[in-house]
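Engineer: I have a structure I would like to understand better, so I am pasting it below and will then ask my questions one at a time.
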Amino acid sequence: MIELGAGSRAAAVRAVAAVLGDGLMLEAALEAAAAAPADRAFAQALAFGAMRFGHRLRRVAVQLLPRPWDDQKPVVQALLLVGLYQLEYADTPPHAAVSATVAAARLVGAVGAVGMVNACLRRYQREREALLAGADETQAGRWSHPDWFVEQLMREWPDYWERILEANNAHPPLTLRARRGRISRDSLAAEFAEAGIATHAVSFASDALDLAVPTDVRALAAFVAGRCSVQDAAAQLAAPLLAAAPGMRVLDACAAPGGKTGHLLETVPGLGQLVAVDIDAQRAQRIRDNLARLGLAADVRVGDAADPRVIGDVLYDRILLDAPCSGTGVIRRHPDIKWLRRPRELPGLAARQHDLLNALWRRLKPGGRLLYATCSVLRAENTAVVKQFLADTGDAVDVTESASLALPGLPPRPELRGPGLMLLPGYAGTDGFYYACLERRST
Ligand SMILES: C[S@@+](CC[C@H](N)C(=O)[O-])C[C@H]1O[C@@H](n2cnc3c(N)ncnc32)[C@H](O)[C@@H]1O
């Protein structure tokens with residue numbers, strides 16, 4: 001007989017092991033882990049929690065293990081993280097956490113590790129305080145982030161790094177965007193209030209509504225009927241900063257899954273043309289699906305946004321470049337980023353961002369505006385890219401300061417010492433986002 005609760009633990013362990021061992025993203029890994037429908041929500045909570053607090057728990061585990069962490073198979077590492085997560089952070093009764101995790105070890109084929117996992121989890125129960133104190137002696141353990149990232153934040157954000165790290169470890173709010181043209185934010189809030197769901201309007205993002213208690217959106221009638229989308233409030237600032245107007249030709253250069261494409265179309269119903277490009281065909285299909293749910297349409301194309309054969313030999317009035325980036329601003333929503341990103345990837349990402357920015361600039365009309373955006377908190381991908389671009393590009397002007405007047409209520413922002421606008425995690429309740437509004441001088 002299978003131990004009660006072992007199935008959800010086993011699915012969480014498989015997913016975490018796939019992140020640690022194969023570099024899979026957690027959401028994809030959870031899908032591949034194929035939990036039984038009844039186990040899915042708990043497996044997801046366990047896997048996300050183990051990833052979120054895993055750097056601390058790993059420092060606990062190394063004190064318990066007879067051999068180094070790196071010598072353990074990913075599935076054993078995952079069993080320890082999922083087991084310790086339950087004991088320290090979840091509401092699971094300790095005996096259930098231990099016995100179901102040990103049973104999960106058998107289900108995932110780690111029979112040889114059963115005794116060791118059992119012994120580690122039991123010893124943790126006995127020696128918890130000393131083990132946590134040991135873990136907290138390291139920065140990675142204290143903040144539950146990789147060492148390189150803690151150190152980089154300390155250097156780049158000496159006044160904010162602790163707040164950023166704390167916010168990254170907190171559960172994110174579920175933020176919705178009222179679908180303009182179908183419903184106002186106030187009416188959407190009233191609809192939720194009637195259903196007993198408390199919401200809070202975000203002052204500086206005019207369509208954004210935070211749900212007090214996050215819920216499964218697929219169960220919300222307003223979501224199913226296309227009266228709202230899920231989108232962090234920081235991401236909802238792209239449309240007002242781009243300031244498109246009816247009749248304009250707009251390019252959304254890195255568009256999938258289409259969150260900002262949808263908002264652009266909702267905000268300016270009479271756009272002349274909206275071309276939404278993504279290099280990934282599967283992700284581009286998600287743009288179409290998301291727009292269909294909202295009753296919107298764009299010219300969706302698959303390919304490299306820097307390629308004139310994809311975006312055409314035309315000039316655009318507005319270009320949104322939501323560049324591929326490290327994702328270090330959205331760690332609270334994607335804790336697997338703590339495990340998947342490596343500092344050695346940063347120069348490559350910055351070079352890609354720089355290349356895309358330069359290529360797209362050539363497709364911007366004189367007098368037009370390009371909005372450069374990332375969900376990164378790192379200077380190499382933000383101010384450094386834009387600073388270099390401004391130095392190299394005679395007809396580019398940074399107009400972020402005046403453009404952000406379109407965002408009344410925005411809290412005072414951190415000192416950037418460079419062009420653009422930065423929203424840091426832990427600062428305005430949003431994800432970390434960087435925007436630079438660049439206009440092409442008409443000569
Ligand atoms: C940050 S995501 C975009 C999020 C999207 N703007 C939204 O709001 O939903 C970056 C996207 O850029 C795409 N991408 C990366 N390199 C690209 C390129 N050279 N051309 C077009 N798309 C690219 C990725 O596939 C990814 O979907």
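Engineer: Give me the extension gain from ALA245 to ARG342: residue separation times 0.36 nm, minus the current Cα-Cα distance, reported in nm with one decimal. Walk me through the intermediate numbers first.
Structural biologist: Values: separation 97, 0.36 × 97 = 34.92 nm, distance 4.01 nm.
So the extension gain works out to 30.9 nm.
Engineer: While we're on this one: What is the sum of charges, Lys and Arg at +1 and Asp and Glu at -1, for the other residues whose Cβ falls under 10 Å from the Cβ of MET422?
Structural biologist: Numbers: positive: ARG379, ARG413; negative: GLU415.
Surrounding charge for MET422 is +1.
Engineer: Given a Förster distance of 25 Å, report the FRET efficiency between ALA193 and ALA170 from their Cβ-Cβ distance, rounded to the nearest 0.05. Intermediate values should be presented prior to the final figure.
Structural biologist: On the way: r = 25 Å, r/R0 = 1.01.
Calculated transfer efficiency: 0.50.
Engineer: Also, I was wondering about something else. What do you get for trypsin sites (Lys or Arg not before Pro) in the range 145-217 restricted to DSSP loop and a cutoff of at most 16 other Cβ within 10 Å of the site's Cβ?
Structural biologist: Values: sites: ARG155, ARG163, ARG177, ARG179, ARG180, ARG182, ARG185; in loops: ARG179, ARG180, ARG182.
Passing both the DSSP loop test and the Cβ count: ARG182.
Engineer: What relative contact order, as a whole-number percentage, does the range 235-440 give when Cα pairs under 8 Å and 6 or more residues apart are counted? Walk me through the numbers before you get to the answer.
Structural biologist: Numbers: 412 pairs, mean separation 42.5, N = 206.
Relative contact order here is 21 percent.
Engineer: What value does the chain have for Rg/Rh, both radii from Cα atoms and Rh as Kirkwood defines it?
Structural biologist: Details: Rg = 23.2 Å, Rh = 23.2 Å.
Rg/Rh for the chain comes to 1.00.
Engineer: Could you work out how far helix 94-107 tilts from the main Cα principal axis of the chain, as a 0 to 90 degree angle to the nearest 10?
Structural biologist: It is inclined by approximately 80 degrees.
Engineer: What size of dipole, in debye to the nearest 20, comes out for the range 305-394 about its Cα centre when the only charges are +1 on Lys and Arg C-beta atoms and -1 on Asp and Glu C-beta atoms? Provide the component values of the computation, followed by the final result.
Structural biologist: Numbers: 15 positive and 9 negative charges, 56 e Å.
I would put it at about 280 debye.
Engineer: Who wins for biggest fluctuation among THR328, THR383, THR393 in a Gaussian network model of the chain, springs between alpha carbons below 10 Å?
Structural biologist: Residue with maximal mean-square fluctuation among THR328, THR383, THR393: THR393.
Engineer: Out of ASP22, ASP207, ASP232, any idea which swings most in a Gaussian network model of the chain, alpha carbons joined below 10 Å?
Structural biologist: ASP22
Engineer: Considering the dipole of the range 6-142 built from charges on the beta carbon (Lys and Arg +1, Asp and Glu -1) around the Cα centre, which of ALA119, PRO68, ALA130 is farthest to its positive end?
Structural biologist: ALA119
Engineer: Tell me, what HN-Hα J-couplings in whole Hz come from the Karplus equation 6.51 cos²θ - 1.76 cosθ + 1.60 at θ = phi - 60° for each residue of the range 355-369, using x for Gly and Pro?
Structural biologist: 3J(HN,Hα) across the range 355-369, in whole Hz: 5, 4, 4, 5, 5, 6, 4, 5, 9, 9, 5, x, x, x, 10.
Engineer: I've got another one for you. Taking θ as phi - 60°, what are the ³J(HN,Hα) couplings along the range 120-130 by the Karplus curve (6.51, -1.76, 1.60), each to the nearest whole Hz, with x for Gly and Pro?
Structural biologist: So the J values, rounded to whole Hz, are 4, 5, 5, 5, 4, 4, 7, 10, 3, 4, 5.
Engineer: Mind giving me the nanometre distance, one decimal, between the label points for ARG182 and VAL213, set 7 Å out from Cα along Cα→Cβ?
Structural biologist: Here the modelled spin labels are 2.5 nm apart.
Engineer: Lys and Arg at +1, Asp and Glu at -1: add these up for the other residues within a Cβ distance under 12 Å of PRO269 and post the number. The partial results should precede the final answer.
Structural biologist: On the way: positive: ARG179, ARG180, ARG182; negative: GLU266.
Computed value for this residue: +2.
Engineer: Would you mind getting me the FRET efficiency between TRP69 and ALA41? Use the beta-carbon distance for r and R0 = 25 Å, nearest 0.05.
Structural biologist: Working: r = 29 Å, r/R0 = 1.17.
That pair, TRP69 with ALA41, gives E of 0.30.
Engineer: Pop the C-beta distance of ASP307 and MET154 into the FRET formula with R0 = 56 Å and round what comes out to the nearest 0.05. Don't jump to the answer; show the numbers that get you there.
Structural biologist: Details: r = 40 Å, r/R0 = 0.71.
Calculated transfer efficiency: 0.90.
Engineer: Using only the alpha-carbon atoms, how far is helix 185-194 inclined from the longest principal axis of the chain? Give it as 0 to 90 degrees, nearest 10.
Structural biologist: Result, in degrees: 30.
Engineer: Another one. Can you give me the pair-distance distribution of the range 268-312, C-alpha pairs, 10 Å bins, whole percents?
Structural biologist: The percentages, shortest bin first, are 27, 51, 22.
Engineer: Just for the Cα atoms in the range 6-142, what are the lengths along the principal axes, largest first, rounded to whole Å?
Structural biologist: Reported extents, whole Å, longest axis first: 38, 29, 28.
Engineer: Next question, about the same structure. Give me, ordered by chain and number, the residues 5 or more places off ALA298 or on other chains with an amide H under 5 Å from its own placed amide H.
Structural biologist: none
Engineer: Still on this structure, I have one more. Let me make sure I get this right: for the range 174-230, a, b and c are the square roots of the gyration tensor eigenvalues over alpha carbons, sorted descending. Under 1.5 in a/c it's rounded, otherwise prolate if a/b > b/c, else oblate. Which is it?
Structural biologist: Numbers: a/c = 1.37, a/b = 1.10, b/c = 1.25.
Rounded, since a/c falls under 1.5.
Engineer: Using only the alpha-carbon atoms, how far is helix 147-156 inclined from the longest principal axis of the chain? Give it as 0 to 90 degrees, nearest 10.
Structural biologist: With both axes taken from Cα atoms, the answer is about 40 degrees.
Engineer: For the chain, give the magnitude of the charge dipole about the Cα centre (Cβ charges: +1 Lys/Arg, -1 Asp/Glu; no others), in debye to the nearest 20.
Structural biologist: Numbers: 50 positive and 48 negative charges, 89 e Å.
With Lys and Arg at +1 and Asp and Glu at -1, about 420 debye.
Engineer: Need one number: % antiparallel among DSSP beta bridges in the chain, to the nearest 5.
Structural biologist: On the way: 22 of 39 bridges.
Restricted to the chain, the bridges split so that about 55 percent are antiparallel.
Engineer: Right, another one. Once you've got the GNM for the chain with C-alpha springs shorter than 10 Å, pick whichever of GLY49, GLY348, GLY429 has the biggest mean-square fluctuation.
Structural biologist: Highest fluctuation among the options: GLY348.
Engineer: Report the full-extension gain for the segment ALA384 to SER203: residue separation times 0.36 nm, less the Cα-Cα distance, to one decimal in nm. Please report the intermediate quantities before stating the final value.
Structural biologist: On the way: separation 181, 0.36 × 181 = 65.16 nm, distance 2.95 nm.
Full extension from ALA384 to SER203 adds 62.2 nm.
Engineer: Length gain on complete extension for the stretch ALA34 to LEU410, per 0.36 nm per residue less the alpha carbon to alpha carbon distance? Spell out each step's value before the answer.
Structural biologist: Working: separation 376, 0.36 × 376 = 135.36 nm, distance 4.20 nm.
Extending this stretch completely gives an extra 131.2 nm.
Each value in this text was obtained by applying a stated rule to the coordinates, not by laboratory testing. Only a predicted model underlies this, so the values are computations on that prediction, with no experimental measurement involved. Reconstructed Cβ throughout: ideal geometry from the backbone, glycine too, with neighbour counts over all protein chains shown.
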